[in-house]
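The values are calculated or read from the model by the stated rules, or taken from the named source; none is laboratory data. Since this is a predicted model, take the numbers as computed values, not measurements. For neighbour counting, all protein chains shown are included, and Cβ atoms are generated from backbone atoms with ideal geometry for every residue, glycine included. For accessibility, only protein heavy atoms count, side chains too; no ligands or nucleic acids. Shrake-Rupley method; radii C 1.70, N 1.55, O 1.52, S 1.80 Å.
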Amino acid sequence: MKSLVKSLIMPFLTEVDSLPEEKTIGLFGGWFQPPTKGHFEVVKKAIEMYPNLSKLIVYVGTGGGRSEDITQAQSLAIWDIYKDYLPSNVEILPSPNPISSIYRYAKEYPFEDIKWFLGSRPNDKQDYENFHKHSKATSTRNNLEAINIITDK
């Protein structure tokens, strides 16, 4: 009887032990044309609020922002300068569409706890509307939570 119970339980324990360890990942994305002090401040505050992040990925888009004069390569170069003042677990990645990249990441890594950081300026109605829109959309992913980071810039 004991060996029967053991044979029934052991496969289950092995299965549970092989589940991926849950990580907390931060994601921040935008067109960043150009990356500003306010964008940098969002990343810094996110790291302060969540010091145990396994990593924080900044997705830099190809266009669609305020100025078509700033290229993705230029935005990435500015983020590389900012990265010198950020922890080593911050990654800067190019993306054709940062919002799609965030949703894709959440879909591809269902066992990770993902914090999607969005920045809002005080008294900026459009920023708060964008946050509300994105936070409602996170309901399609159980592992994705929108976090509003309020900055002075």
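If you check residue 43 against the conditions, is it more than 24 Å from residue 142 (Cβ to Cβ), in contact with a helix residue (DSSP H, G or I) (Cβ under 7 Å, 6 or more places away or on another chain) and either hydroxyl-bearing (Ser, Thr, Tyr) or surrounded by 14 or more Cβ atoms within 10 Å (Cβ to Cβ) (or both)? It is false that residue 43 is more than 24 Å from residue 142 (Cβ to Cβ), in contact with a helix residue (DSSP H, G or I) (Cβ under 7 Å, 6 or more places away or on another chain) and either hydroxyl-bearing (Ser, Thr, Tyr) or surrounded by 14 or more Cβ atoms within 10 Å (Cβ to Cβ) (or both). Selection of first residues in the stretch 97-124 that are in contact (Cβ under 8 Å) with a residue 12 or more places away in the chain and more than 17 Å from residue 58 (Cβ to Cβ) and of second residues that are hydroxyl-bearing (Ser, Thr, Tyr) and open to solvent by less than 40 Å² (accessible area, probe 1.4 Å), restricted to Cβ pairs under 7 Å at least 6 apart or on distinct chains, gives the following pairs, ordered by first then second residue: 113/24; 121/151. The condition of being assigned to a helix (DSSP H, G or I), closer than 20 Å to residue 47 by Cα and not aromatic (Phe, Trp, Tyr) does not hold for residue 137.
Residues in the stretch 70-92 that are without any contact (Cβ under 8 Å) to a residue 24 or more places away in the chain and among the polar types (S, T, N, Q) were compared, and the one that is least open to solvent (accessible area, probe 1.4 Å) is 72. Quick check on the stretch 98-119: of everything there that is of a type in the set (Phe, Trp, Tyr) and under 22 Å from residue 36 (Cα atoms), which residue is surrounded by the most Cβ atoms within 10 Å (Cβ to Cβ)? Of everything passing the filter in the stretch 98-119, 116 is surrounded by the most Cβ atoms within 10 Å (Cβ to Cβ).
Residues in the stretch 135-153 that are open to solvent by less than 70 Å² (accessible area, probe 1.4 Å) and among the hydroxyl-bearing types (Ser, Thr, Tyr) were compared, and the one that is nearest to residue 114 (Cα to Cα) is 138. Selection of the stretch 120-134 for residues being more than 18 Å from residue 28 (Cβ to Cβ) and either open to solvent by less than 50 Å² (accessible area, probe 1.4 Å) or part of a loop (DSSP other than H, G, I, E, B) (or both) yields 122, 123.
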